[in-house]
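Visitor: Can you keep this structure in mind? I'll have questions shortly.
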Amino acid sequence: MKVSVIVPVYNMEITVSRCLDSIVGQDYKDFEVILINDGSNDKSPEICKDYVRRYGNIRYFSRENKGLPYTIKEGLDHSISDFVTFVDSDDYVAVSYTHLTLPTNSL
């Protein structure tokens, strides 16, 4: 069962690397990361693009700033997975995060 991890990004150059490192380090490997840049004007876009270059399961989309609800909707529109979860770009997750988000009967 594939999981989409949607990460809205807006001016988070200080924290987005820690967030993405925690996601790509998951023990469950059948997931994609969808980064939605909501009009950042710092180095967040460059950091996100670097992760896209390094990892085949990360996709990046950029748009003008419209706010979190629109960013989440865009992430959902791009998701191709059975399950979806969200991680704020100033947060980080445990190694078993994607595993814990799946229903028990899907493992």
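Visitor: Name the residues whose placed amide hydrogens come within less than 5 Å of the amide hydrogen of Val33, ignoring near sequence neighbours (fewer than 5 apart) on the same chain.
Guide: Val5, Ile58, Arg59
Visitor: Using DSSP to call loops (not H, G, I, E or B), can you name the GluC sites (Glu not before Pro) in the range 34-88 whose Cβ has at most 11 other Cβ atoms within 10 angstrom? Present the calculation step by step, with values, prior to reporting the outcome.
Guide: Details: sites: Glu46, Glu64, Glu74; in loops: Glu64.
Those satisfying the criteria are Glu64.
Visitor: Hey, could you get me the Stokes-Einstein D for the range 26-74, Kirkwood radius over alpha-carbon pairs, 25 °C and 0.890 mPa s, rounded to whole µm² s⁻¹? Don't skip to the answer; put the middle values down first.
Guide: Values: Rh = 11.7 Å.
Reported coefficient: 210 µm²/s.
Visitor: If the chain between Phe86 and Tyr70 were fully stretched, how many nm would it gain, using 0.36 nm times the residue separation less the Cα-Cα distance? Present the calculation step by step, with values, prior to reporting the outcome.
Guide: Values: separation 16, 0.36 × 16 = 5.76 nm, distance 1.37 nm.
Length gained between Phe86 and Tyr70: 4.4 nm.
Visitor: How much length is gained on full extension from Ala94 to Arg54, taking 0.36 nm per residue of separation minus their Cα-Cα distance?
Guide: Numbers: separation 40, 0.36 × 40 = 14.40 nm, distance 2.09 nm.
So the chain would gain 12.3 nm between Ala94 and Arg54.
Visitor: What is the gain in length, in nm to one decimal, between Arg63 and Asp77 on full extension, counting 0.36 nm per residue of separation less the C-alpha to C-alpha distance? Could the numbers behind the result be given before it?
Guide: Values: separation 14, 0.36 × 14 = 5.04 nm, distance 1.37 nm.
Extra length from Arg63 to Asp77 when fully extended: 3.7 nm.
Visitor: If you don't mind, another one. Run the accessible area of the range 1-89 with a 1.4 Å probe and give the carbon-and-sulfur part as a rounded percent. Write out the running numbers ahead of the final one.
Guide: On the way: 2400 of 4580 Å².
The value for the range 1-89 is 52 percent carbon and sulfur by accessible area.
Visitor: Just the number: Rg to Rh for the chain, Cα atoms, Kirkwood Rh, two decimals.
Guide: Numbers: Rg = 13.0 Å, Rh = 13.7 Å.
A ratio of 0.95.
Visitor: Once ligands and nucleic acids are excluded and a 1.4 Å probe is used, how much of Val5 is accessible, expressed in Å² to the nearest 10?
Guide: 0
The values are calculated or read from the model by the stated rules, or taken from the named source; none is laboratory data. Worth saying up front: this structure is predicted, and the values here are computed from it rather than measured. Methodologically, a virtual Cβ is constructed for each residue, glycine included, from the backbone with ideal geometry; neighbour enumeration extends over all protein chains shown. All accessible areas refer to the heavy atoms of the entire protein, side chains included, with ligands and DNA or RNA removed. Shrake-Rupley method; radii C 1.70, N 1.55, O 1.52, S 1.80 Å.
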